[in-house]
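*Asks:* One structure, as structure tokens, below. Some questions next.
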Amino acid sequence: MPPTTIKYRGARRKPAAALATAPGAAAPAARSAPAAEATTVSLDDDDSNRLRAQTLLDETGAKLTSINRSQLTPENAAAYDQARGLVDAGRNAMREQDYLAAAGLAEKASVISRQLATRSPIR
């Protein structure tokens, strides 16, 4: 599988010195803004990100499934919903083959679900 390429585009900002004019001086002539540059990021470790993301998503999904949300306090129910949303977003990223994003989302969901498992008081 070839490395994934991600392009970021963003406008450059003018330095503050270029925007300021001395009192009594004429305003600088308008110049066209430089063209936006594209930054390319290649991810050579897609396989490890894919495997890590899939493992964490499966483990976290199973952990959340074992929790009865209706018995959680409102605070813990909100944490449960957040973790569930991150798992869902991670699975969407996996479908789009964005393994780096999926791994990051899965890691966050895993941390929240671990915290929830250790503190889950019931109403």
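*Asks:* What three numbers, in Å, describe the spread of the alpha carbons of segment 45-119 along their principal axes, ordered from the longest?
*Replies:* Taking the Cα atoms of segment 45-119, the three principal extents are 39, 18, 15 Å.
*Asks:* In nm, give the distance between the simple-model label positions of Asp45 and Asp81, each being 7 Å from the Cα along the Cα-to-Cβ direction.
*Replies:* Label at Asp45, label at Asp81, 3.5 nm between them.
*Asks:* Right, another one. In percent, what relative contact order does segment 45-119 have, based on Cα pairs under 8 Å that are 6 or more apart in sequence?
*Replies:* Relative contact order comes out at 45 percent.
Every read-out reported here was derived from the displayed coordinates using simple, explicitly stated rules and does not represent laboratory data. These numbers come from a predicted model, not from an experiment. When we count neighbours, we look across all protein chains shown, and the Cβ atoms used for this are built from the backbone with ideal geometry, even at glycine.
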